[in-house]
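Participant: Take a look at this one; I'll ask things after.
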Amino acid sequence: MFSYRHAFHAGNHADVLKHFVQIQILQYLNQKDVAYTYIDTHAGAGVYALDSAQAAKNAEFETGIAPLWERSDLPAPLADYVSLVKGMNPSGKMRYYPGSPYVAEQVAREMDRIRLFELHPADSRLLADNFAKLEQHQAAQGKRSTVRGKRVIVNKADGFLGVKALLPPPSRRALVLCDPPYEDKQDYRKVVDMLGDALKRFPSGTYAIWYPVLQRIEARNFAEKLKHLPAQGWLNVTLTISTPTPDGIGLHTSGMFILNPPYTLAATLKSVMPYLVQVLGRDKGAAFTLDSGEQATSRVQDKRAVTRRS
């Protein structure tokens with residue numbers, strides 16, 4: 001169960017989609033002068049070195065952040081994401097890539113709370129070490145917290161279970177990001193079960209779920225199951241960079257499914273996703289899909305469905 005290490009995949013096309021969407025949701029939450037809680041159920045190590053043996057093995061960042069690094073025509077929302085990544089590479093060389101915990105730390109405000117879960121023993125230790133170093137760096141610069149309580153807490157625990165104790169949050173505002181490895185097919189069921197319980201505890205929260213689009217039956221049926229959860233609305237976006245191979249090996253498509261999404265997110269994705277298809281697409285199979293819906297009585301009503309190819 002501990003075979004998956006995100007370092008092998010850091011900065012790939014799936015990370016671009018995930019972290020771009022994450023930033024958009026956090027920026028939306030920042031608009032209201034009320035604190036919120038960011039909860040990461042599978043936080044990973046927090047920061048990844050792209051020149052490490054793990055990241056360099058398949059160089060998956062060449063399918064994601066690398067093609068965007070020197071672009072001068074980035075749409076403004078996507079430029080925010082690339083700027084954040086460049087901010088942790090002051091030399092200008094693409095060496096470090098942020099995981100979702102670091103993205104949250106950079107975008108969330110001082111008054112917001114960050115709660116991170118990671119069960120993998122090595123990554124949990126790295127996550128705690130990375131945030132300890134960040135705190136030391138901020139202290140050396142004279143930065144001191146002006147609010148009570150610890151802003152970032154790292155938990156070596158199963159996020160599927162740990163999230164229950166944090167909902168509803170004190171401020172009644174939260175983003176829960178869930179992106180398990182899905183190496184174990186039970187992860188698909190665990191995500192649905194976790195979200196069903198979370199929506200009972202905290203119906204108004206925003207829940208963002210990353211998922212791979214694979215040949216296995218659990219993956220093919222996953223988004224449809226999420227659509228029938230009792231949220232006020234949902235948004236589902238996928239990015240395909242190339243035609244899937246006949247043997248089904250490799251990750252060609254991934255998606256972000258958001259329950260109770262910001263009302264501005266659909267329009268942002270509609271404007272940015274064609275650009276990502278153009279820049280990251282590798283053949284004529286490159287495309288994106290975008291659809292949304294709302295809960296009405298006992299059924300789901302689709303509101304929008306958009307598909308584009310390069």
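Participant: Express the relative contact order of the chain as a whole percentage, based on alpha carbon pairs under 8 Å and six or more residues apart in sequence.
Facilitator: Here the relative contact order equals 19 percent.
Participant: Please give the per residue accessible area of the chain, computed with a probe of 1.4 Å over protein heavy atoms only, in Å².
Facilitator: Computed with neighbouring chains in place, this is 46 Å² per residue.
Participant: Another question, if that's okay. Rounded to the nearest 5, what % of DSSP beta bridges with both residues in the chain are antiparallel?
Facilitator: Rounded to the nearest five, the antiparallel share is 70 percent.
Participant: Okay, moving on. Highest mean first, what order results for 94-103, 55-64 on Cβ atoms within 10 Å?
Facilitator: 94-103, 55-64
Participant: Which of the lysines could a cross-linker span from LYS93 if the Cα-Cα distance has to be under 24 Å and same-chain partners fewer than 8 positions apart are dropped?
Facilitator: Once the sequence-local lysines are set aside, what remains near LYS93 is LYS18, LYS57, LYS133.
Participant: From the helices alone, meaning DSSP H stretches of at least four residues, give me the mean residue ellipticity at 222 nm for the chain, per-run term -39500 (n - 2.57), in deg cm²/dmol to the nearest 500.
Facilitator: The helix contribution divided over the chain gives -11000 deg cm²/dmol.
Participant: Now for a different question. Rounded to the nearest 5, what % of the DSSP beta bridges within the range 130-280 are antiparallel ones?
Facilitator: 75 percent
Participant: Taking the Cα centre of the range 120-274 as origin and charging only Cβ (+1 Lys, Arg; -1 Asp, Glu), how large is the dipole, in debye to the nearest 20?
Facilitator: So the magnitude is around 800 debye.
Participant: Projecting each Cα onto the charge dipole of the range 1-157 (Lys/Arg +1, Asp/Glu -1 at the beta carbon, about the Cα centre), which of ILE153, VAL103, SER72 comes out farthest on the positive side?
Facilitator: Of ILE153, VAL103, SER72, it is ILE153.
Participant: Treating only the Cβ of Lys, Arg, Asp and Glu as charged (+1, +1, -1, -1), what charge dipole size does the chain show about its Cα centre? Round to the nearest 20 debye.
Facilitator: The calculated dipole for the chain is roughly 680 debye.
Participant: List the aspartates and glutamates whose alpha-carbon lies under 14 Å from that of LYS32, not counting same-chain residues fewer than 8 positions away?
Facilitator: GLU110, ASP112
Participant: With mean projected area of the Cα convex hull in nm² defined as stated, name the option among [x] 14.4; [y] 15.7; [z] 13.5 computed from the structure displayed.
Facilitator: Answer label, from the structure shown: [y].
The values are calculated or read from the model by the stated rules, or taken from the named source; none is laboratory data. What you see is a predicted model; the values in this text were computed from it and never measured. A quick note on method: Cβ atoms are made from the backbone with ideal geometry, for glycine too, and the neighbour counts reach across all protein chains shown. Heavy atoms of the whole protein, side chains included, go into the accessibility calculation; ligands, DNA and RNA do not. Shrake-Rupley method; radii C 1.70, N 1.55, O 1.52, S 1.80 Å.
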